[in-house]
Amino acid sequence: MTRLIHLFLVFSLLSVLAVGGGTAVLPEMQHMTVHTFHWLTDAQFRNIYSLGQVAPGPNMLMVLVIGYQLAGWAGMVVVGIGFFLPDCIITLLVNRWWVHLGGWPWRTSIQRGLAPVAIGLMTSGTYAIARLSIVDVQSLAIAVTVFAILLWRHVNPGVLVLVGGAVYLLTKM
Amino acid sequence: MSFGGGAVAYLREYLVREEGWLDDEGFLGAMEISETLPGLNAVNMAIIMGDNLRGIAGAVVSVIGMLLPGSIVVMILGILWQSNHSNPDVKYFLLGIAAAAVGLLSAVTLQIGRRQFRQLPDIAIIFVTFFAVSFLKLPLVVVLLTLGPISVWLYRPHVSEPRAEDEHLPFHRGERHHWFRH
């Protein structure tokens, strides 16, 4: 029971802090689940993150697997509610309120000011996954190749990550 | 317009191009709110579009539609992974996926921040935020409560700055909210 309460509190906190989306809270999520609560190892965190990459829909649905891994189906439900419900309520309220802020000059300031912070956090999220997954020349080559392909043209990201996984597996055979 | 898993790009494709439920300006207005608020972009978009088209019931249905298929798939994968996690092939495959995801996340971050990465004050804020989280290891709540207000203050109203043109504002589209059904 204590673990379910902790899971709920951690993931609802991450939910309201997710300025810049899911990638932005990855370092904090890793820190809390691996270092603060010792629920997962770095490798488990990385593997669960990878599962989210190959599922359709938002990649951060991988938090459901974290909940399941730690506390079974109840853990999955608690983490799902904790991670998604607070944001949904905030967004619904602000959506109805936003239109009344049309003439409020600070609205633009908030948007402009939060944008670079959000991008800084996304950079940190990318760095956190890089620290966990760039372990040799082959993994580095896969990351660089995917980056170059996406700069060059739009390719379905789901296909790219699957090919990345297959190529890395082949290099280890 | 490829964000994360590309869900937002698909939303635009269906809602604007195929169904014609809203126009591009309406879509950008929703993007503007989604990106400023905490939470996953795709989920926030689903809430806003559902709410604008059909009220709270619409928002609930949209979110469920956005999350349910992926939830089922990710849980199937999670259960399969749990029973095979010691298999080295599975380990290498997942590591390769994470490495590929680093390339993907880098491209997405660069694309979303394409305007900010070109402006000096924004580059400074990006760097300080990155340094505070990744190297100083400051708690996210501390970073947001200090750098957030500082950054908003730098862009406070009535500051005359030479770059303050609409085309430099990634999330700002002026007062184009008349499409909202309120």
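The values are calculated or read from the model by the stated rules, or taken from the named source; none is laboratory data. Note that the structure is a prediction, hence the values are computed from the model and not measured. Using ideal geometry, Cβ is built from the backbone for each residue, glycine included, and neighbour counts are taken over all protein chains shown.
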Among the residues of the range B:9-24, are any modelled with pLDDT under 90 and at the interface with chain A (Cβ under 7 Å from one of its Cβ atoms)? no
Could you figure out which of (1) within 20 Å of the chain's Cα centre (by Cα); (2) of a type in the set (S, T, N, Q); (3) not assigned by TED's automatic domain parsing to the domain that holds residue A:29 isn't true of residue A:124? (3)
Pick from the range A:20-74 the residues that are of a type in the set (Phe, Trp, Tyr) and over 16 Å from the mean Cα position of the chain (by Cα): which of them is surrounded by the most Cβ atoms within 10 Å (Cβ to Cβ)? A:68
Matching residues, the range A:129-153, being more than 7 Å from chain B (Cβ to nearest Cβ) and under 30 Å from residue B:151 (Cα atoms): A:131
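Which residue out of A:82, A:57, A:72, A:52 is within 18 Å of residue A:133 (Cβ to Cβ), out of contact with any His (no Cβ under 9 Å at 6 or more places or on another chain) and assigned by TED's automatic domain parsing to the domain that holds residue A:125? It would help to see each step written out before you state the result.
Details: A:82 fails: within 18 Å of residue A:133 (Cβ to Cβ); A:57 fails: within 18 Å of residue A:133 (Cβ to Cβ); A:72 fails: within 18 Å of residue A:133 (Cβ to Cβ).
Matching residue, one of A:82, A:57, A:72, A:52: A:52.
Could you check, for the range A:81-99, whether at least one of its residues is of a type in the set (S, T, N, Q) and surrounded by fewer than 17 Cβ atoms within 10 Å (Cβ to Cβ)? Please lay out each step first, then the result.
Taking the range A:81-99 as the starting set, the residues that turn out to be of a type in the set (S, T, N, Q) are A:91, A:95.
Those left that are additionally surrounded by fewer than 17 Cβ atoms within 10 Å (Cβ to Cβ): none.
Among the residues of the range A:81-99, not one is of a type in the set (S, T, N, Q) and surrounded by fewer than 17 Cβ atoms within 10 Å (Cβ to Cβ), which makes the answer no.
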Conditions first: (1) part of a helix (DSSP H, G or I); (2) outside the structural domain of residue A:32 (by TED's automatic domain parsing). Residue A:154 passes all but one, so which condition is the exception? (1)
If you scan the range B:42-58, which residues turn out to be at the interface with another protein chain (Cβ under 8 Å from one of its Cβ atoms) and under 20 Å from residue A:22 (Cα atoms)? B:42, B:43, B:44, B:47, B:48
Please find, among A:96, A:46, A:112, the residue that is more than 24 Å from residue B:46 (Cβ to Cβ), in a helix (DSSP H, G or I) and without any contact (Cβ under 8 Å) to a residue 60 or more places away in the chain. A:112
Selection from the range A:131-151 of residues that are in a loop (DSSP other than H, G, I, E, B) and surrounded by fewer than 17 Cβ atoms within 10 Å (Cβ to Cβ): A:135, A:136
